[in-house]
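Asks: Sharing a structure with you now.
Read the figures in this text as sums done on the coordinates, not as results from a lab. Note that the coordinates shown come from a computational prediction; the quantities given were computed from them, not determined experimentally. Glycine also receives a Cβ, built like all others from the backbone with ideal geometry; neighbour counts cover every protein chain displayed.
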Amino acid sequence: MRTFGATESHNDLYLDKGGSLAILLGAEAVAETSEHFAQTLRGEMIYETQSGIPYLGQTFERSPNLAQFEAALRRRLEAVPEVTSIEALDVQWVSGEIKYTATLETPQGLVSING
């Protein structure tokens with residue numbers, strides 16, 4: 001797998017040491033792609049409006065349905081190319097925000113992401 005690198009703070013593309021757009025390979029690329037899949041809002045993609053996470057219906061509620069959020073997140077992460085399984089997924093409501101940690105099995109080994 002290959003993808004562009006993006007900064008964690010603003011999701012902006014960045015340049016590598018040689019001055020070219022940063023390209024990620026292998027496990028780094030799978031982790032980056034997984035994080036982007038998990039950030040996709042439901043309805044955001046023109047041709048796949050049912051794909052994505054229902055953030056608007058979940059994260060802004062006083063007591064969100066964490067099981068529904070986790071199920072949507074599992075579907076998105078399982079759709080990432082090269083993710084063969086989800087080894088662990090922990091979704092919590094922390095200080096008014098939904099937080100998650102996932103460990104994904106890939107051909108390159110285990111990859112961990114947080115959001």
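Asks: Given the criterion touching a residue at least 40 places away in the same chain (Cβ under 8 Å) and either of a type outside the set (A, V, I, L, M) or not in a strand (DSSP E or B) (or both), identify the matching residue among E82, E48, E105.
Replies: So the residue among E82, E48, E105 that is touching a residue at least 40 places away in the same chain (Cβ under 8 Å) and either of a type outside the set (A, V, I, L, M) or not in a strand (DSSP E or B) (or both) is E82.
Asks: With (1) in contact with a Lys or Arg (Cβ under 8 Å, 6 or more places away or on another chain); (2) assigned to a loop (DSSP other than H, G, I, E, B); (3) of a type in the set (A, V, I, L, M) as the list, and L56 as the residue in question, which single condition is left unmet?
Replies: (2)
Asks: State which residue is surrounded by the most Cβ atoms within 10 Å (Cβ to Cβ) when the search covers only region 79-115 and only residues that are acidic (D, E) and under 17 Å from G26 (Cα atoms).
Replies: Selected residue: E82.
Asks: Find the residue count for region 1-21, including only residues that are part of a loop (DSSP other than H, G, I, E, B) and either touching a Cys at 6+ places or on another chain (Cβ under 8 Å) or not aliphatic (A, V, I, L, M) (or both).
Replies: 13
Asks: May I ask you to say which residue of A71, A67, A38 is out of contact with any strand residue (DSSP E or B) (no Cβ under 9 Å at 6 or more places or on another chain), small (G, A, S) and not in a loop (DSSP other than H, G, I, E, B)?
Replies: Numbers: A67 fails: out of contact with any strand residue (DSSP E or B) (no Cβ under 9 Å at 6 or more places or on another chain); A38 fails: out of contact with any strand residue (DSSP E or B) (no Cβ under 9 Å at 6 or more places or on another chain).
Checking each option against the conditions leaves just A71.
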